[in-house]
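Enquirer: Please see the structure below; I have some questions.
The values are calculated or read from the model by the stated rules, or taken from the named source; none is laboratory data. The structure displayed is predicted, hence computed values, not measured ones. Please note: Cβ atoms are built from the backbone with ideal geometry, for glycine as well, and neighbour counts cover all protein chains shown.
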Amino acid sequence: MQTAQRVASPHEDGISKRNFDRLAAYIYNYSGIKMPPTKQTMLEGRLRRRLRATGQPTFEHYCNYLFSQGGLEKEAIFLIDAVTTNKTDFFREPNHFSFMTQRALPALTQSGVRRLRVWSSACSTGAEPYTIAMVLDDVFGDRPDIGWNILATDLSTEVLQTARRGIYAQDMVDPVPVDMRRRYVMSAIARDRREVRITPKLRSKVGFARLNLMDDVYPVGDPMHMIFCRNVMIYFDKPTQEKVLTRLCDCLEPGGYLFIGHSETISGFDLPLKTVANTVFQKV
């Protein structure tokens, strides 16, 4: 008597080496994100939702769809959304915001800057640009002679939607100082929702747009006085890091400041920057 064979669920297959290599190459070329073989399980987990969304029963079918004519045109943005890492916190790496308040902003205004331009170049769900906005409003709120605006960009369309809404779980704003929370964060009327929202005043000061740091040119308008590009380059190899940093410097006003993540470095790169604090650099 034969034992009936178990039929595998269509989502239990893994990504073949051939398809993983194809996906990894495309993701790297598109976004600069390295996808070594150790990340195959992570990639499979993140792409299962795309299999369901596109109606593909297996990874083999999904990759055939993706790399067939017109597949990438429809699916590229969703694929990249699925693989990007979007960890963010309010007042993350707080020394940067202390430097802003105590050194960068006084130096810029004393040099004659009256309209500050700030760019959060990998803004994720918005905690970084809204933190910057809180600091700027706190410093310049009673000074009508100083204006400012923030550009916030990201590769992921999904996180940009969240950022524009400015709605977060209540405990996410715990790192925000109490006095700032009182001024810049609104609690939901229904207490059981445990959600908060950034005030309309701050939301109006931040413009969100999709931008790929792999692009040859960053269409951000006039040079910036401050650029934040934190905890992004850790996903890039050295050649990609240098290209991105060079383009960021092209978008930075002389005397302006570049902030990178505390685990990142610009060592070994030929850039028009001098170190002014830990992971803070000024364009010379």
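Enquirer: Out of all the residues in the range 79-116, which are of a type in the set (D, E, K, R) and touching a Gly at 6+ places or on another chain (Cβ under 8 Å)?
Expert: Once the filter is applied, which keeps residues that are of a type in the set (D, E, K, R) and touching a Gly at 6+ places or on another chain (Cβ under 8 Å), the range 79-116 yields 93, 114, 115.
Enquirer: While we're here: Would you check if there is a residue in the range 113-131 being surrounded by fewer than 15 Cβ atoms within 10 Å (Cβ to Cβ) and assigned to a helix (DSSP H, G or I)?
Expert: Checking the range 113-131: not a single residue is surrounded by fewer than 15 Cβ atoms within 10 Å (Cβ to Cβ) and assigned to a helix (DSSP H, G or I).
Enquirer: Something else about it: Surrounded by fewer than 20 Cβ atoms within 10 Å (Cβ to Cβ) and under 13 Å from residue 121 (Cβ atoms), is that true of residue 230?
Expert: No, not satisfied.
Enquirer: Those residues that are in a helix (DSSP H, G or I) and more than 19 Å from residue 72 (Cα to Cα), I need them from the range 27-57; list them, please.
Expert: Answer for the range 27-57, where residues must be in a helix (DSSP H, G or I) and more than 19 Å from residue 72 (Cα to Cα): 37, 38, 39, 40, 41, 42, 45.
Enquirer: Here is a further query. Which of the residues belonging to the range 274-284 are under 20 Å from residue 113 (Cα atoms) and assigned to a loop (DSSP other than H, G, I, E, B)?
Expert: 284
Enquirer: Out of the residues in the range 201-221 that are of a type in the set (Val, Ile, Thr) and touching a strand residue (DSSP E or B) at 6+ places or on another chain (Cβ under 9 Å), which is nearest to residue 125 (Cα to Cα)?
Expert: Looking at the filtered set, the residue picked out is 206.
Enquirer: Then there is this: Can you tell me how many residues in the range 168-187 are of a type in the set (D, E, K, R) and either under 10 Å from residue 130 (Cβ atoms) or exposed (fewer than 14 other Cβ atoms within 10 Å of the Cβ) (or both)?
Expert: Looking only at that region, the number is 4.
Enquirer: Continuing with the same structure: Go through (1) within 29 Å of residue 254 (Cα to Cα); (2) in contact with a Ser or Thr (Cβ under 9 Å, 6 or more places away or on another chain); (3) free of Cβ contacts under 8 Å to residues at least 24 places away in the same chain and name the single condition residue 112 misses.
Expert: All conditions pass for residue 112, except number (2).
Enquirer: Hey, another quick one. Checking residue 81 against (1) modelled with pLDDT of 90 or more; (2) within 24 Å of residue 131 (Cα to Cα); (3) assigned to a helix (DSSP H, G or I), only one condition comes out false. Which one?
Expert: Only one criterion in (1) modelled with pLDDT of 90 or more; (2) within 24 Å of residue 131 (Cα to Cα); (3) assigned to a helix (DSSP H, G or I) is unmet by residue 81, namely (1).
Enquirer: Can you find a residue in the range 155-168 that is part of a strand (DSSP E or B) and not basic (Lys, Arg)?
Expert: There is at least one residue in the range 155-168 that is part of a strand (DSSP E or B) and not basic (Lys, Arg).
Enquirer: Sticking with this structure for a sec: For residues that are in contact (Cβ under 8 Å) with a residue 60 or more places away in the chain and among the hydroxyl-bearing types (Ser, Thr, Tyr), scanning just the range 53-109, find the one that is nearest to residue 280 (Cα to Cα).
Expert: Filtering the range 53-109 for residues that are in contact (Cβ under 8 Å) with a residue 60 or more places away in the chain and among the hydroxyl-bearing types (Ser, Thr, Tyr), the one nearest to residue 280 (Cα to Cα) comes out as 85.
Enquirer: Same structure, new question: If I filter the range 214-222 for residues that are among the hydrophobic types (A, V, I, L, M, F, W, C) and surrounded by 20 or more Cβ atoms within 10 Å (Cβ to Cβ), do I get at least one hit?
Expert: For the range 214-222, residues among the hydrophobic types (A, V, I, L, M, F, W, C) and surrounded by 20 or more Cβ atoms within 10 Å (Cβ to Cβ): absent.
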